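The next block holds one structure in the form of structure tokens; read it before the comments.
The values are calculated or read from the model by the stated rules, or taken from the named source; none is laboratory data. Note that this is a predicted model, so its numbers are computed, not measured. Please note: Cβ atoms are built from the backbone with ideal geometry, for glycine as well, and neighbour counts cover all protein chains shown.
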Amino acid sequence: MKKVGFIGLGLMGSGMAGRLLEQGYELTVWNRNASKAHPLVEKGAKLAESPADLAAQVEVVITIVKDDAVVREILLGEKGALQAAKPGTTFIDMSTVTPMMSRELAAACKEKGFPFLEAPVTGSKGAAASGQLGILAGGEESTLESVRDILQAMSQSITHIGPNGSGAILKLANNQLAGVLMVALGESLALCDAAGLDREMCIETLVGAVSRVSGMKKPKILNKDFSTEFALDMIHKDLTQALQAANELTLPMPLLATAREIYQQARKDGKGGQDFSAITQRD
């Protein structure tokens with residue numbers, strides 16, 4: 001088994017690093033707040049003094065940190081991991097960063113002769129601890145294959161998206177959708193709460209609608225088949241009525257109002273008679 005270094009022991013990283021220990025990997029860890037490393041050290045991990053110190057001891061360096069600025073400092077800074085890594089060291093960044101950052105890291109690694117893979121994850125704290133994450137890999141397929149065993153120890157699925165930057169794009173799109181869905185759910189619940197409806201019953205109905213609609217419309221979106229099952233004109237009408245109900249309850253619903261305007265523009269573009277899933281098509 002390769003010697004692995006793990007940098008970033010927050011909600012996700014601590015569980016992922018713990019999985020590697022459970023699977024028998026020799027693990028060296030570093031975190032800006034060293035106290036977060038103590039539970040892993042107690043289980044057998046080594047604690048490095050710095051990112052550079054960590055990189056000098058291992059064959060694979062994994063990072064999962066907050067953002068572009070942090071990963072740049074940890075890997076590319078004066079005392080960063082790239083400055084002390086041994087020849088042949090593979091770098092895997094599992095952070096959620098911009099595609100520009102991933103490409104910058106890939107270029108810096110290539111200049112020094114280090115293989116680099118971006119591998120952002122889908123899933124949350126529980127999935128990290130139980131090895132049930134999804135991994136969206138971007139980079140050379142040969143690099144992915146060389147570290148597949150390590151990634152498998154932390155995940156239930158690994159998908160090679162394409163070149164460096166592509167995994168980052170899909171991860172950001174995934175989180176954008178999750179974030180907007182949660183705002184939409186909050187607005188829908190607020191409308192139900194304002195009308196005095198049973199909250200638990202409403203949550204069951206609304207959460208079920210998210211999975212039901214996405215499942216039903218997946219083939220239509222994939223095949224760009226917008227033959228009408230539920231017309232875009234009709235969903236625009238329903239959004240208009242929902243907005244009227246919210247206004248009557250003096251309830252601001254900015255996401256609803258924006259969505260209604262997007263559907264209104266689609267109607268102006270001649271899509272009113274198509275299935276409302278046509279809203280996903282931007283050309």
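Whether a residue is at pLDDT 95 or above and surrounded by 20 or more Cβ atoms within 10 Å (Cβ to Cβ) was assessed, and LEU76 does not pass this test.
Okay, residues lined up against (1) in contact (Cβ under 8 Å) with a residue 60 or more places away in the chain; (2) assigned to a helix (DSSP H, G or I); (3) in contact with a helix residue (DSSP H, G or I) (Cβ under 9 Å, 6 or more places away or on another chain):
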residue: ASN175; (1), (2), (3): yes, yes, no
residue: GLY179; (1), (2), (3): no, yes, no
residue: LEU185; (1), (2), (3): no, yes, yes
residue: GLU200; (1), (2), (3): no, yes, no
residue: GLU229; (1), (2), (3): no, no, yes
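What number of residues within segment 29-51 satisfy the criterion of being more than 27 Å from the chain's Cα centre (by Cα), part of a helix (DSSP H, G or I) and crowded, with 17+ Cβ neighbours inside 10 Å? Result for segment 29-51: 0. Across segment 98-124, the number of residues qualifying as touching a residue at least 60 places away in the same chain (Cβ under 8 Å) and under 14 Å from VAL65 (Cα atoms) comes to 4. Every listed requirement among (1) assigned by TED's automatic domain parsing to the domain that holds PHE114; (2) surrounded by fewer than 14 Cβ atoms within 10 Å (Cβ to Cβ) is met by ASN175 save one, (1).
Of everything in segment 67-114 that is within 18 Å of the chain's Cα centre (by Cα) and of a type in the set (D, E, K, R), the residue that is nearest to SER14 (Cα to Cα) is ASP93. Only residues that are assigned to a helix (DSSP H, G or I), β-branched (Val, Ile, Thr) and under 12 Å from LEU191 (Cα atoms) were counted across segment 231-253, and they come to 0. Evaluated against (1) assigned by TED's automatic domain parsing to the domain that holds LEU21; (2) surrounded by fewer than 18 Cβ atoms within 10 Å (Cβ to Cβ); (3) in contact with a helix residue (DSSP H, G or I) (Cβ under 9 Å, 6 or more places away or on another chain), ARG148 falls short on exactly one condition, (3).
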